[in-house]
1. In segment 80-92, which residues are crowded, with 16+ Cβ neighbours inside 10 Å and not aromatic (Phe, Trp, Tyr)?
2. Could you tell me whether Tyr87 is at pLDDT 75 or above, outside any helix (DSSP H, G or I) and hydroxyl-bearing (Ser, Thr, Tyr)?
3. Being farther than 30 Å from Glu103 by Cβ, surrounded by fewer than 17 Cβ atoms within 10 Å (Cβ to Cβ) and not hydrophobic (A, V, I, L, M, F, W, C) is the filter here, so list the residues in segment 117-146 that pass it.
4. Condition check: under 20 Å from Val170 (Cα atoms), in contact (Cβ under 8 Å) with a residue 60 or more places away in the chain, in contact with a helix residue (DSSP H, G or I) (Cβ under 6 Å, 6 or more places away or on another chain) and hydrophobic (A, V, I, L, M, F, W, C). Does Met94 satisfy that?
5. When you go through Ile171, Ile181 one by one, which is the residue that is within 20 Å of the chain's Cα centre (by Cα) and surrounded by 19 or more Cβ atoms within 10 Å (Cβ to Cβ)?
6. Quickly run through segment 201-225 and pick out the residues that are of a type in the set (Lys, Arg) and touching a residue at least 40 places away in the same chain (Cβ under 8 Å).
7. Go through Lys107, Lys102 for me and flag whichever is among the charged types (D, E, K, R) and either on the phi > 0 side of the Ramachandran plot or touching a Ser or Thr at 6+ places or on another chain (Cβ under 7 Å) (or both).
8. Does Ala212 satisfy the condition of being among the small types (Gly, Ala, Ser), within 23 Å of Gly90 (Cα to Cα) and under 19 Å from the mean Cα position of the chain (by Cα)?
Amino acid sequence: MAIIGSSSGWKKLARMVCRPSEQERSILFAPKTWAFWRNNIMCFCVNNILGHCLESLYCKIIDKCFGIIDDDYAVKFDPWYHPYWVYGIGGAAMTFIFEPIKERILKRHKSLPGAMLESYVIAVLAAMGMELGFGLLVNQPDEDGNYPYWDNSELPLNVFKQAWLVNDLVIGAVAMVYVWIAYPLFCKGMSKLGEREANTAFAITVGAFAAACVSSYRKLIKDGHL
């Protein structure tokens, strides 16, 4: 009975994530409700920190494979709890832009793999656009040709010397996990809480994030990195 119940639970979970009902979809994108904004503010806070941790791991792998991470690259000395704002903004963009697109893709496709493939292609292109946009805004080389944050100019598959297709394929995969799995499960979990409990979780999350911001920026300023 336990095995049957477990199997049924996994099937229900998979259906909810991949083919959500109308009620479940309303939880994911309802900009006129406080619950929606509460969920997304919490996700924004968490994504800033989680993104930093994932970038640290990714940079270690990329550096070992390609040897392209400089010794003075910020991820090597930033406190792990220092927010990397690009990931919070990227997660919000995925919710506000990609979530409605995902819903249209699901309605148009009979095949779930086809829907996921199309959404992955869109996610990769969106990641490339964001990486390129941020690069053009904040990662311009100085008079000596040195880039302040990353240097993809000599890598194969670079896009206008700022974005890098390898990065975009990985970011696209992470975006897929976020939009198709992590965000729906988070919203579903929050919907199970009472209003008071959900607001308490929100306050704790925002408070912890604010503390991380203050503490990490103080440390970086004290160490002369800002």
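The values are calculated or read from the model by the stated rules, or taken from the named source; none is laboratory data. The structure displayed is predicted, hence computed values, not measured ones. Note: ideal-geometry Cβ built from the backbone for every residue, glycine included; neighbour counts use all protein chains shown. Please note that ligands, DNA and RNA were not included when accessible areas were found on the heavy atoms of the full protein model with its side chains. Shrake-Rupley method; radii C 1.70, N 1.55, O 1.52, S 1.80 Å.
1. His82, Pro83, Val86, Gly88, Ile89, Gly90, Gly91 - these are the residues of segment 80-92 that are crowded, with 16+ Cβ neighbours inside 10 Å and not aromatic (Phe, Trp, Tyr).
2. Values: at pLDDT 75 or above: yes; outside any helix (DSSP H, G or I): no; hydroxyl-bearing (Ser, Thr, Tyr): yes.
So Tyr87 fails the test.
3. Gln140, Pro141, Asp142, Glu143, Asp144, Gly145, Asn146
4. yes
5. Values: Ile181 fails: surrounded by 19 or more Cβ atoms within 10 Å (Cβ to Cβ).
Only one candidate passes the filter, namely Ile171.
6. Lys219 - this is the single residue of segment 201-225 that is of a type in the set (Lys, Arg) and touching a residue at least 40 places away in the same chain (Cβ under 8 Å).
7. On the way: Lys107 fails: either on the phi > 0 side of the Ramachandran plot or touching a Ser or Thr at 6+ places or on another chain (Cβ under 7 Å) (or both).
When all the criteria are applied, what remains is Lys102.
8. Details: among the small types (Gly, Ala, Ser): yes; within 23 Å of Gly90 (Cα to Cα): yes; under 19 Å from the mean Cα position of the chain (by Cα): yes.
It is true that Ala212 is among the small types (Gly, Ala, Ser), within 23 Å of Gly90 (Cα to Cα) and under 19 Å from the mean Cα position of the chain (by Cα).
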